[in-house]
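Working notes, structure below.
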Amino acid sequence: MSLSLLFHPFISFHKAHLKLSSSIPTRPISSPQSKVLSIKSLQRAHEQPPPKKPRWENLLSTAASLYPVYVTAGSVLACAKPSAFSWFVSRGPTAYTLSLAFVMLAMGLTLELRDLFRLLMERPLSILFGCVAQYTIMPAFGATVSKSLGLSPSLSVGLILLACCPGGTASNVVTLIARGDVPLSIVMTACTTLSAVVFTPLLTKVLAGAYVPVDAVKLSVSTLQVVVAPILLGTFMQRTFPSLVKMMTPFAPLLAVLAASLLASSIFSENVVLLKSSILSTSAGSGSGPLFGLQGILSGELGIVILSVLLLHFAGFFVGYLSAAICGFKEPQRRAISIEVGMQNSVLGVVLATSHFTSPLVALPPAMSAVVMNIMGSSFAFIWRYINPSDDKNELGS
């Protein structure tokens, strides 16, 4: 969840505009010589690179972009020693809710709403297409995969809830690596996140209501509290306390990434405890040792969860790219839409699952997704990085 790359482009665009404006001479041009000098000064202003960030800010930004590494390492630790996260798990779901709210607050601190609206006006068709794809492709495949694999009601609800979540912020980093349209990815993430207060509860109610009772109103209120309200609070703080926010901004993305990684790893460790107890009971019953018990679990419930999450995200990547290609978008936009559709805000899925459903298994698909999704997305990105886009321009034809 690299928030540094998510909204810093908006801020850099704004600062570049201010710098260019301040470089234009204000006194009238009274001679041909001064006119030549003025033109040269404008050329130098265009040619000058933006001011370099301090080295420590670059290090923080780089560290914040390593979310897939943190969440994978945390999941490995959760498998090896689940008790390492017991201090955080024991404080859930309150700790989970506060962690996600902090992540969204950090997003709001770096979000320039006026630049967001400007980009919305510049490329409405591609943004609208991406948002519609996000809330149609993934929910449809979430319901299809859960039914096709015959998942239990709790796991089906967890997979559908994951599929109905907005795009994940890690998608912006992955799009950058894949040489896709990063501004499009940024705006899609912001739009789907803000609209999650309506679409995530509504779609979950429609698709998962057949398995267990789903209170769409409570889901909507929770999404508003932990997603939309912190983002709006962050933007309010940015306008009201600009000096304080300027001091906090370099640190906020890394702290948010660490909080998201801790949250995903803790939920995963909570389910690992249940799975290990199943392994021990299976191995004791078969008398064949823990290796065969683990094989039985992998071929059973846990294996089915991993397979369902793999299929869901692969469908998002593939169908997202295919639909963008059919609609005539250029290669950078296809990659951005594919990655944005295929990568979900699994942390939101974890928080909603633990807050509104009694079975801990509902949170297992979103927690597993935090690992599987980032590995898949990073793999696709590195493949795409070495395949030149057919059109290097990041301007839409629409």
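The values are calculated or read from the model by the stated rules, or taken from the named source; none is laboratory data. No experiment lies behind these values; they were computed from the predicted model shown. Because the Cβ atoms are built from the backbone with ideal geometry, glycine has one as well, and the counts that use them run over all protein chains shown.
Here is a check on your reading of the model: is P153 surrounded by 15 or more Cβ atoms within 10 Å (Cβ to Cβ), over 23 Å from G328 (Cα atoms), under 19 Å from the mean Cα position of the chain (by Cα) and modelled with pLDDT of 80 or more?
Values: surrounded by 15 or more Cβ atoms within 10 Å (Cβ to Cβ): yes; over 23 Å from G328 (Cα atoms): yes; under 19 Å from the mean Cα position of the chain (by Cα): no; modelled with pLDDT of 80 or more: yes.
No; evaluated as a whole, the condition is false for this residue.
Here are some conditions: (1) touching a residue at least 60 places away in the same chain (Cβ under 8 Å); (2) among the aliphatic types (A, V, I, L, M); (3) under 21 Å from N374 (Cα atoms). M237 meets all but one. Which one does it not meet?
(3)
I'm trying to understand the selection: among the residues of region 101-125, which are under 16 Å from the mean Cα position of the chain (by Cα) and over 30 Å from S323 (Cα atoms)? Even if it seems obvious, please write down each step before you answer.
Of region 101-125, the ones under 16 Å from the mean Cα position of the chain (by Cα) are 101-108, 110-111.
Those that are under 16 Å from the mean Cα position of the chain (by Cα) and over 30 Å from S323 (Cα atoms): A101, F102, V103, L105, A106, G108, T110.
Give the residue that is nearest to A256 (Cα to Cα), with candidates limited to residues of region 200-213 that are surrounded by 16 or more Cβ atoms within 10 Å (Cβ to Cβ) and touching a Pro at 6+ places or on another chain (Cβ under 8 Å).
Among residues in region 200-213 that are surrounded by 16 or more Cβ atoms within 10 Å (Cβ to Cβ) and touching a Pro at 6+ places or on another chain (Cβ under 8 Å), the one nearest to A256 (Cα to Cα) is T200.
Of everything in region 84-100 that's of a type in the set (S, T, Y) and either crowded, with 20+ Cβ neighbours inside 10 Å or at pLDDT below 85 (or both), which residue is nearest to the chain's Cα centre (by Cα)? Step through it out loud before you land on a result.
So in region 84-100, the residues of a type in the set (S, T, Y) come out as 86, 90, 94, 96-97, 99.
This time we only want the ones that are either crowded, with 20+ Cβ neighbours inside 10 Å or at pLDDT below 85 (or both), so: 90, 94, 96-97, 99.
Working: S90: 26, T94: 21, Y96: 17, T97: 17, S99: 15 Å.
Here the residue is S99.
Within 22 Å of V103 (Cα to Cα) and without any contact (Cβ under 8 Å) to a residue 24 or more places away in the chain: is that true of S195 in this structure? Steps first, please.
Values: within 22 Å of V103 (Cα to Cα): yes; without any contact (Cβ under 8 Å) to a residue 24 or more places away in the chain: no.
So S195 fails the test.
Considering only helices (runs of 4 or more DSSP H) fully contained in region 63-169, which possess at least 1 residues that are acidic (D, E)?
Working: elements: 67-80, 86-89, 94-109, 113-122, 124-148, 153-163.
Output list reads 113-122.
Return the residues of region 118-140 that are out of contact with any strand residue (DSSP E or B) (no Cβ under 6 Å at 6 or more places or on another chain), surrounded by 14 or more Cβ atoms within 10 Å (Cβ to Cβ) and not aliphatic (A, V, I, L, M); say none if nothing qualifies.
R118, R123, S126, F129, G130, C131, Y135, T136, P139
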